[in-house]
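Chemist: The following block contains the structure, expressed as structure tokens.
The values are calculated or read from the model by the stated rules, or taken from the named source; none is laboratory data. Predicted, not measured: the structure shown is a model, and the values here were computed from it. Using ideal geometry, Cβ is built from the backbone for each residue, glycine included, and neighbour counts are taken over all protein chains shown.
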Protein chains: 2
Amino acid sequence: MTKHIIPVAMSGGVGSRLWPMSRRSKPKQMQALTGSLTMLQDTLDRVSSAAGDVKFGAPIIVANQQHSSVIAKQLSDLGIADYTLVLEPRGRNTAPVVAIAAELASTTPDAMILVLPADHHIKNVDGFRSAISKGAELAVEGKLVTFGIQPSGPETGFGYIRAGDSVGEGHLVDAFVEKPDATTAQQYLDAGNYFWNAGIFLFRADSVLKEMNTHCQTLTSAARAALDAGERDRQVINLDPTLFDACPSDSFDYAVMEKTAQAAVVPMDVGWSDVGSWNALWGMGPKDEHGIVAAGDVSLVDCQDMYVRGEGIRVAAVGVSGLVIVATKDSVLVLPKERAQDVKAIVERLEAEGRDELL
Amino acid sequence: MTKHIIPVAMSGGVGSRLWPMSRRSKPKQMQALTGSLTMLQDTLDRVSSAAGDVKFGAPIIVANQQHSSVIAKQLSDLGIADYTLVLEPRGRNTAPVVAIAAELASTTPDAMILVLPADHHIKNVDGFRSAISKGAELAVEGKLVTFGIQPSGPETGFGYIRAGDSVGEGHLVDAFVEKPDATTAQQYLDAGNYFWNAGIFLFRADSVLKEMNTHCQTLTSAARAALDAGERDRQVINLDPTLFDACPSDSFDYAVMEKTAQAAVVPMDVGWSDVGSWNALWGMGPKDEHGIVAAGDVSLVDCQDMYVRGEGIRVAAVGVSGLVIVATKDSVLVLPKERAQDVKAIVERLEAEGRDELL
């Protein structure tokens, strides 16, 4: 039986760990960091054609209103004319986004929504689409499906999903567990039934609204009110700012998935990355014989094991190794690859200094 | 007896070892790398007021013609209205410069000229002026005086001057010796009568012209011809391009100093540097408690032992040490301090790529 799935691309993140490329005015998902398409475009491109008996409908994109024109341009460049763009006056985390998307989708009978963070990279697109197809079998029966990423190492930076009994081609969710310490992460890896929680969800619109009305009724009503009172101009919806401000901020994981009895997990081993740091981009990038990933206007002499990017500026280095060097026309970042998370310290300092033009 | 000295600032160098700050269009001597004045301005400022019985006349500046307006602006900013600017169509090394300056100065009776590379830094200006005053006592008697820098270590990057018998407050020059290897440099340091050859000279105009006519007559005549046929517009002289092209290219050291019997050396221990690399700038710069010399728009977290400069661009680094990071609006350079000489490799690559806009 053909299943109708409406993709929902969540584009509300700021991606400050990829400063200086990622900026408030153009966060990482709107940048072409992993190929010729932006990550938002990649996210939508993955669900632009039918996958088995799954048909994808016109996507819903939820984003901050300041990114309206950038996103419209990127959709147009990709040849996507039929879409709904929901603009938030400010972020309220993922639960209100899901409520609004489900509400919009619920006008289509039997519609399912596929919630996709717009800033992830997936190498094996066929594998991804195959997992979606498997998940749809469970979602059509009323399950709230999350996709569990097969861990490739004892990662401490993600929450995990513990899979329980089998159901269809997936498992019931036994528990969502917090980011572990290194020892615990190794135990999860060894156990084999733990998956990374990537925040990719699939469910019927009516199923998720029913669960949200049970587990986070206030939030769901507030989100619906902001949508109903929003201004619609053709395919763009501006949520009502006052009503959306009044909506509680919460993650969909916490507000719904950790509480519902309908949670199921479908494993996914598709070369997934949340592109969470410059080191992650090094990990997934094409390396030369010196372990160097280079993009843009770059000249390296006697260097090894580097991620180097020059956007509109020449980057030259001699005799260094293990570094990230990223330069834009107004900013340069240099740090060891293994300290890629510490770009936070730089961003925080810029914030403290009021250097908004660089953020 | 009052001595009249005409300072001659030689500003023909390209300073490619300080790329990306130093550019063909604005070499290092026209940049404020060591303080608020450019090195050319500093060079002229050091000889702008009388030193003991030495009176300094209006300076002569010799430079490439493409730098005419930059230099005029920097002289004006320093309040120097009375000067002669000699413009070369292209460089012919230092001997023709000295011949031309001496020729210009020789119209003033008993004038001496003080030849100064425009891209050196001197910490102890009083000491410098005192050495000049001592040198003038020898120059007035017809000696060709070079100033020998007291070595601060077994440096292999400079030629050395071996001092012989005392004469006045200096010594006769026993020999000019080539750049030594490390062992020899240490021997020179231990011996005590070896000095770095900094290319700073003082002599009477008539004395040096006499020696040049003896030791490099062709070059001297050719330089004079290019001057005589040059176009003079108020205080700017454009050397005749065809005649100057025909002038042999040679260093004043080689063409004259190594051959004359009149060479004398006056020691100078004044915190001299030829600002020959980014590491040299680190060496002379004011360091914070982490050994960091920072200039411009710089933000460092957990870094040590660095030279960092951001000119019109923000430079941010975390957790690195021992590096030079220099960024301008179009280029970034990263390399270990001890490899500062290797910026050559980058400049050569830019040349090979025809990236003239970055050179």
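Chemist: Please indicate, with yes or no, whether at least one residue in segment B:149-156 is out of contact with any Gly (no Cβ under 9 Å at 6 or more places or on another chain) and surrounded by 22 or more Cβ atoms within 10 Å (Cβ to Cβ).
Modeler: So far as segment B:149-156 goes, yes, one or more of its residues are out of contact with any Gly (no Cβ under 9 Å at 6 or more places or on another chain) and surrounded by 22 or more Cβ atoms within 10 Å (Cβ to Cβ).
Chemist: Wholly within segment B:44-142, which helices (runs of 4 or more DSSP H) include no fewer than the required count, namely at least 3 residues that are surrounded by fewer than 23 Cβ atoms within 10 Å (Cβ to Cβ) and assigned by TED's automatic domain parsing to the domain that holds B:Arg234?
Modeler: In segment B:44-142, the matching helices (runs of 4 or more DSSP H) lie at B:68-77, B:125-139.
Chemist: Would you check if A:Pro241 is surrounded by fewer than 22 Cβ atoms within 10 Å (Cβ to Cβ), of a type outside the set (Asp, Glu) and more than 28 Å from A:Gln65 (Cβ to Cβ)?
Modeler: In short, no.
Chemist: Would you mind telling me which numbered condition in (1) in contact with a strand residue (DSSP E or B) (Cβ under 6 Å, 6 or more places away or on another chain); (2) outside any strand (DSSP E or B) B:Pro180 fails?
Modeler: (1) is the only condition that B:Pro180 fails.
Chemist: Restricting to segment B:326-340, name every residue that is over 13 Å from B:Trp278 (Cα atoms), more than 7 Å from every other protein chain (Cβ to nearest Cβ) and among the acidic types (Asp, Glu).
Modeler: Matches in segment B:326-340: none.
Chemist: Sort out which residues of segment A:312-325 are more than 9 Å from chain B (Cβ to nearest Cβ) and either in a helix (DSSP H, G or I) or touching an Asp or Glu at 6+ places or on another chain (Cβ under 8 Å) (or both), and write them in order of number.
Modeler: A:Ser321, A:Gly322
Chemist: Oh, and also: Being out of contact with any strand residue (DSSP E or B) (no Cβ under 8 Å at 6 or more places or on another chain) and within 14 Å of chain A (Cβ to nearest Cβ) narrows it down to one of B:Ser277, B:Ser249, so name that one. If you could, list the steps in order and put the result at the bottom.
Modeler: Numbers: B:Ser249 fails: within 14 Å of chain A (Cβ to nearest Cβ).
After applying the criteria, what remains is B:Ser277.
Chemist: Quick check on my filter: what residues within segment A:13-26 are surrounded by 23 or more Cβ atoms within 10 Å (Cβ to Cβ) and either free of Cβ contacts under 8 Å to residues at least 60 places away in the same chain or under 21 Å from A:Phe201 (Cβ atoms) (or both)?
Modeler: A:Ser22
Chemist: Of the numbered conditions (1) among the acidic types (Asp, Glu); (2) within 30 Å of B:Tyr194 (Cα to Cα); (3) over 19 Å from the mean Cα position of the chain (by Cα), B:Asp288 satisfies every one except a single condition; which is it?
Modeler: (2)
Chemist: Further, regarding this structure: Have a look at A:Gln341, A:Gln304 and point out the one that is touching a residue at least 60 places away in the same chain (Cβ under 8 Å), out of contact with any Leu (no Cβ under 6 Å at 6 or more places or on another chain) and either surrounded by fewer than 17 Cβ atoms within 10 Å (Cβ to Cβ) or among the acidic types (Asp, Glu) (or both).
Modeler: A:Gln341
Chemist: Quick one: would you say A:Arg309 is modelled with pLDDT of 95 or more and either in a helix (DSSP H, G or I) or more than 7 Å from chain B (Cβ to nearest Cβ) (or both)?
Modeler: yes
Chemist: From the list A:Lys210, A:Lys259, which one is of a type outside the set (Ser, Thr, Tyr) and over 28 Å from A:Gly57 (Cα atoms)?
Modeler: Result: A:Lys259 is the single residue among A:Lys210, A:Lys259 that is of a type outside the set (Ser, Thr, Tyr) and over 28 Å from A:Gly57 (Cα atoms).
Chemist: Could you tell me which of the residues A:Ala316, A:Ala327, A:Ala294 is outside the structural domain of A:Leu18 (by TED's automatic domain parsing), touching a residue at least 40 places away in the same chain (Cβ under 8 Å) and either surrounded by 15 or more Cβ atoms within 10 Å (Cβ to Cβ) or touching a His at 6+ places or on another chain (Cβ under 6 Å) (or both)?
Modeler: On inspection, the qualifying residue turns out to be A:Ala327.
Chemist: If you don't mind, there's one more thing I want to ask. Do we have any residue at all in segment A:95-110 that's under 20 Å from the mean Cα position of the chain (by Cα), closer than 28 Å to A:Pro248 by Cα and not hydrophobic (A, V, I, L, M, F, W, C)?
Modeler: yes
Chemist: Does A:Arg339 meet the test of being closer than 16 Å to B:Trp19 by Cβ and either assigned to a strand (DSSP E or B) or at pLDDT 95 or above (or both)?
Modeler: Against the criterion (closer than 16 Å to B:Trp19 by Cβ and either assigned to a strand (DSSP E or B) or at pLDDT 95 or above (or both)), A:Arg339 does not qualify.
Chemist: On to the next question. In segment B:341-352, what count of residues is obtained for those that are at the interface with chain A (Cβ under 9 Å from one of its Cβ atoms) and of a type in the set (Gly, Ala, Ser)?
Modeler: 1
Chemist: Which residue, of B:Phe203, B:Phe244, B:Phe252, is of a type outside the set (A, V, I, L, M) and either touching a Leu at 6+ places or on another chain (Cβ under 6 Å) or at pLDDT below 95 (or both)?
Modeler: None of the other options fit; the residue is B:Phe203.
Chemist: From the set of residues in segment A:81-128 that are without any contact (Cβ under 8 Å) to a residue 40 or more places away in the chain and touching a strand residue (DSSP E or B) at 6+ places or on another chain (Cβ under 9 Å), which is farthest from A:Pro267 (Cα to Cα)? Can you show your working first?
Modeler: Of segment A:81-128, the ones without any contact (Cβ under 8 Å) to a residue 40 or more places away in the chain are A:81, A:107, A:109, A:126.
Filter once more, so that each one left must be touching a strand residue (DSSP E or B) at 6+ places or on another chain (Cβ under 9 Å): A:109, A:126.
Working: A:Pro109: 28, A:Asp126: 14 Å.
If we take residues in segment A:81-128 being without any contact (Cβ under 8 Å) to a residue 40 or more places away in the chain and touching a strand residue (DSSP E or B) at 6+ places or on another chain (Cβ under 9 Å), then A:Pro109 is farthest from A:Pro267 (Cα to Cα).
Chemist: Being over 30 Å from A:Ser76 (Cα atoms), out of contact with any Pro (no Cβ under 9 Å at 6 or more places or on another chain), modelled with pLDDT of 95 or more and buried (at least 20 other Cβ atoms within 10 Å of the Cβ) is the requirement here; does A:Val173 meet it?
Modeler: yes
Chemist: Which ones in segment B:12-23 are within 15 Å of B:Val343 (Cα to Cα) and either of a type in the set (Asp, Glu) or assigned to a loop (DSSP other than H, G, I, E, B) (or both)?
Modeler: Listed by number, the residues that qualify are B:Val14, B:Gly15, B:Trp19, B:Pro20, B:Met21, B:Ser22.
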